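J.: Attaching a single structure in structure tokens format; questions to follow.
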Amino acid sequence: MPSFTTTVADLKLLGPVFEALVAVPEPVETALRSAGRPVPQPIRVSAMIDTGASQSVIQAGLADRLGLSPVGVASIHTASAADVPCALYDVRLALPSNVVAGLIAIETSLAGQSIQVLVGRDLLQQGVLVYVGYTGTFTFSI
């Protein structure tokens, strides 16, 4: 089971954050290459594991930068609003240590935050998360 371990200077303050890449899903990349079309470069992002998020989230605008089309719509609830319609996108997320996952992510604003991706329970349910607060480290295996 591939995994990565990260140490965060102030894990309590910053949370389980790490650098990742958001890319087009593998079937889209294959189709683009077969058609002789350019494949959009993956986008480097700051991500955070969020056990309070039922589904993973990408920052508004990332899907457009990758040339992706929505695969559906979801209604989300936030701390300040209910039943907010948001587009869903099929994306590939490359985590540290070559841990790669495909997922359907909600696209919404993460304005005011220092992250562009939330890794939710949809991805966490496929793996193991170990959060060691007193050492400032966490490990995610998938």
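J.: Whether any residue in segment 96-108 is at pLDDT below 95, of a type in the set (S, T, N, Q) and over 28 Å from Val132 (Cβ atoms) is what I want to check.
T.: yes
J.: Also, I was wondering about something else. So Ala111 ticks every box in (1) at pLDDT 95 or above; (2) exposed (fewer than 13 other Cβ atoms within 10 Å of the Cβ) but one. Which box is left unticked?
T.: Status for Ala111: all satisfied but (1).
J.: Take segment 30-81 and flag every residue that is of a type in the set (Asp, Glu) and in a loop (DSSP other than H, G, I, E, B). Outline the logic, then answer.
T.: If we filter segment 30-81 for residues that are of a type in the set (Asp, Glu), which is where we start, we get 50, 64.
The one that is of a type in the set (Asp, Glu) and in a loop (DSSP other than H, G, I, E, B): Asp50.
J.: Do you know which of the residues in segment 1-37 that are among the small types (Gly, Ala, Ser) and within 20 Å of the chain's Cα centre (by Cα) is nearest to Asp64 (Cα to Cα)? First the steps, then the outcome.
T.: At the first step, the residues of segment 1-37 found to be among the small types (Gly, Ala, Ser) are 3, 9, 15, 20, 23, 31, 34-36.
Remaining after also requiring within 20 Å of the chain's Cα centre (by Cα): 3, 15, 20, 23.
Details: Ser3: 29, Gly15: 28, Ala20: 18, Ala23: 11 Å.
Here the residue is Ala23.
J.: Just to be sure I understand the filter: pairs with C-beta atoms under 8 Å, separated by 6 or more residues or on different chains, first member in segment 84-99 and crowded, with 17+ Cβ neighbours inside 10 Å, second member of a type in the set (Gly, Ala, Ser) and in a helix (DSSP H, G or I). Which pairs pass?
T.: Ala87/Ala63; Tyr89/Ala63; Val91/Ala63
J.: While we're here: Inspect segment 55-63 for any residue being at pLDDT 95 or above and either of a type in the set (Lys, Arg) or farther than 19 Å from Val117 by Cβ (or both) and give the result as yes or no.
T.: no
J.: Let me ask something additional. Under 6 Å between Cβ atoms, at least 6 apart or on separate chains: pull out the pairs that start in segment 27-43 with a residue that is over 12 Å from Val91 (Cα atoms) and end on any residue that is acidic (Asp, Glu) and surrounded by 12 or more Cβ atoms within 10 Å (Cβ to Cβ).
T.: Partner pairs satisfying both residue conditions: Val39/Glu29.
J.: For segment 121-140, what are the residues that are more than 18 Å from Lys12 (Cβ to Cβ) and either touching an Asp or Glu at 6+ places or on another chain (Cβ under 6 Å) or without any contact (Cβ under 8 Å) to a residue 24 or more places away in the chain (or both)?
T.: Gln125
The values are calculated or read from the model by the stated rules, or taken from the named source; none is laboratory data. On a predicted model such as this, the values are computed, not experimentally measured, just so you know. We place every Cβ from the backbone using ideal geometry, glycine too, and count neighbours over all the protein chains shown.
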